[in-house]
Amino acid sequence: MTAQAIETTVKSLYDLLDQMPITYVIQNKHIVQGSIKPLIEVKENEPLGKVLELLRKENILAVPVYRVAGDSGLKSYCGIVSVYDLLVGTVFQNMFHGDEDSDDMIVDIDYAKEEFNWYSTPIKDLIGTTFESTDTWILNSKDTIANLLCLFSNGNHHRVLVWDDTTRNVSSNVIILTQTDLISYLWNELKMGVNELLKSSLKTLFRLPVSRASLLHRSKYSQQAFTVTVPSTFNAVSAFRWLHLHKVSALPIVNADRELIGSLSASDVRGLTLSTLETLQYPVFKYLEQKMSVNPYITPDQVKSVLENEMILNALEMIIEYHIHRVWITKDDVPVGVISITDILSLLTPNYKIP
């Protein structure tokens, strides 16, 4: 398929989505969830440790943070804190030091005091750790899906708040929509929708090879080709630091032969407590295994991969079925790239529409 043909199909798809309200995505979210759930949110002075536990309990990746004005009692949102913000607020604590492949990461200090200080950090102190935590968007359910697509395609936003006038019998008219909600809606339109032009455009683009979407996303943001991997012998705290230092949300774990054996993402910090914080000293693979044994219903990203010449459709099917955010691209079992939800949504957006 030529570049011009892809561009024409993308524009046709975008024009369709520019006529559809975000309400459609919200309705699909409610159907997938099975019910209308109230927004989960936290006050700005909530301690970091409790927010980590909340994310684990609710199996979510981010929460809106709000403050309440003094006398008026009015509530306003001051940001959305995600697992990535919590990761940075945890693994760069001065209680940790040492080499990447060392088991000795504990500084000779008052460890109990440092643990308590970490656990008690007000969540408002982490707002600004990432661009997304401060640049919180609030859309209206009457805005178009194309607007939502543009926002999710820029690589900086993975979730937005939406004011929904149609929601009833819940405590708030504000809901949170994520990249996963949007890709789920598009997937269901592809499989069960009645708009034949929309289905045809999606089918055409999703038949492209995964390497095409991955390369296209990098070209838009001048990203380097994917090369960073984490040896299974690295301790977990160093591996988590690599996520931040390389500005990625996940890294593949490899064995001595550089073969893909696991996946580490920012979501794997969920559930850390005062009693389990020291497990960050473990080799990263052991850390993930221990985490799964303690909290079997909160598992690390399942390791799924595709070959370079496979269709985007294959990767997307895995993302939907296994509730994951990315699929690794491998060659001879060695990770050579990744295709994420951001990559796929970027492919569906005209270049000139991406902020």
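Computed quantities for the displayed model
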{"quantity": "Any hit, the stretch 317-340, residues being exposed (fewer than 15 other Cβ atoms within 10 Å of the Cβ), in a loop (DSSP other than H, G, I, E, B) and of a type in the set (Val, Ile, Thr)", "calculated": "no"}
{"quantity": "Near pairs, Cβ below 7 angstrom, 6+ apart or cross-chain, from the stretch 329-344 (closer than 30 Å to LEU148 by Cβ) to any residue that is of a type in the set (D, E, K, R)", "calculated": "ILE329/GLU308; VAL338/ARG326; ILE339/ARG326; SER340/ARG326"}
{"quantity": "Condition met for THR299 (at pLDDT below 90 and either in a loop (DSSP other than H, G, I, E, B) or touching a Cys at 6+ places or on another chain (Cβ under 9 Å) (or both))", "calculated": "yes"}
{"quantity": "Some residue of the stretch 153-169 being open to solvent by less than 10 Å² (accessible area, probe 1.4 Å), modelled with pLDDT under 95, in contact with a helix residue (DSSP H, G or I) (Cβ under 7 Å, 6 or more places away or on another chain) and farther than 22 Å from TYR66 by Cα", "calculated": "yes"}
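The values are calculated or read from the model by the stated rules, or taken from the named source; none is laboratory data. Since the structure is predicted, the reported quantities are computational estimates derived from the model, not experimental observations. Glycine gets a Cβ as well: all are built from the backbone with ideal geometry, and neighbour counts include every protein chain shown. For the accessible areas, the whole protein counts, side chains as well, though only heavy atoms, and no ligand, DNA or RNA atoms are used. Shrake-Rupley method; radii C 1.70, N 1.55, O 1.52, S 1.80 Å.
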